[in-house]
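> For reference, the structure I am asking about is given below.
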Amino acid sequence: MFNFGMFASNLPLSFNTQYRCYSVAMLNGNERKDVERGAKIILPPSALDILTRLNIVYPMLFKLTNHRLKKYTHCGVLEFVADEGKAYIPHWMMQSLLLSEGDLINIQSATLPVATFAKFQPQTVDFLDITDPKAVLEKVLRSFACLTKGDLIAIKYNDKDYELLVLETKPQDAVSIIECDMQVDFAPPVGYVDPKKEPEKKKPEEEDEMSFDGIPEEYIDRGTEKLFPGTGVTLHGKKKRSKDIVDGDSPVKPIIIKRGIPDLKYKIGTLVFKRKPIRPSDQTENNSGPIFRAFEGEGVSLRKKKL
């Protein structure tokens, strides 16, 4: 009989080892742009052997730590095809951890809660040129397995790279974003300044005076006609004395006399031809020009009269 407990002491409790890290561009074979644009790494086959013998919770998530500078982040794994003793990680992740080609990095298995909220801050105002940033971010994050507060992730859109700082994640500072419903928010980009609101220009006093159905005062002739002509009468029937009547007690009826005023009662689709008929009684000899008389004039013949 075999005693399976004899091998228990030889197995590690968790996956925790060190590798020489290299960017994906150093990986043999074709260029792996799918790795550069995400947050997943490539480990050697020996790592898979260890992980299969451990009670690892899927999906496999790892904590990457640069102990020398006390920098860390989290990621997933894409493949186990790296050379032994090496790990290939995205270039943006190496920059975030302040790592150079061939530096040692500690990789440890991790278990993270599912994300419910994440807040990002674009590092340039050019990010505002994207029409629908949430849709673009949702498509890019499909290549990510997790997010860590303080990460400076890089996304590519229309052949242009944008950097986003992870300001906040919930429920913890490191979360898993695999098959989750996560709310996303954006902070103002670095260097963004709110546009200053210009004070409204005050109109001249004559333009502010709109006292008759929105028509400027300059188009109105007050004239002399009173709206309520007459004298006041007291309750006991006696008329007010002339000395009690003060000029200006009755408002003046506005009369519009100038041309060029829009017709405020105009109905779309109608044509109105305004004409002022001229009657003979309206003209006098003193007016300039001949007096208009209907159907009057001298006949003219095309043939010349014989002498």
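> Could you state the accessible area per residue of segment 78-198 in Å², with a 1.4 Å probe and every protein chain left in place?
Per residue, segment 78-198 has an accessible area of 56 Å².
> Next question. How many nm separate the modelled label positions at Asp132 and Thr116, each set 7 Å beyond the Cα in the direction of the Cβ?
In this crude spin-label approximation the distance works out to 2.7 nm.
> Among 107-114, 129-136, how do they line up by average Cβ neighbours within 10 Å per residue, starting with the highest?
107-114, 129-136
> Please compute the Kirkwood hydrodynamic radius over segment 13-106, one decimal place, Å, based on all pairs of different Cα atoms.
13.4
> Tell me the accessible surface of His67 in square angstrom (1.4 angstrom probe, heavy atoms of protein chains only), to the nearest ten.
Around 110 Å² of this residue is reachable by solvent.
> Rounded to the nearest 0.05, what FRET efficiency is calculated for Lys139 and Phe273 with R0 set to 51 Å and r the Cβ-Cβ distance?
0.25
> Keeping all protein chains in position, work out how much accessible area Tyr266 exposes to a 1.4 Å probe, and write it in Å² to the nearest 10.
About 120 Å², ignoring ligands and nucleic acids.
> If r is the Cβ-Cβ distance from Glu79 to Lys160 and R0 is 30 Å, what FRET efficiency results, to the nearest 0.05?
Once rounded, the FRET efficiency stands at 0.60.
The values are calculated or read from the model by the stated rules, or taken from the named source; none is laboratory data. This structure is a prediction, so every number in the text was calculated from the model and none was measured. Don't worry about glycine lacking a Cβ; one is built from the backbone with ideal geometry, like all the others, and counts go over all protein chains shown. Note: accessible area is taken over every heavy atom of the protein model, side chains too, but ligands, DNA and RNA are not part of it. Shrake-Rupley method; radii C 1.70, N 1.55, O 1.52, S 1.80 Å.
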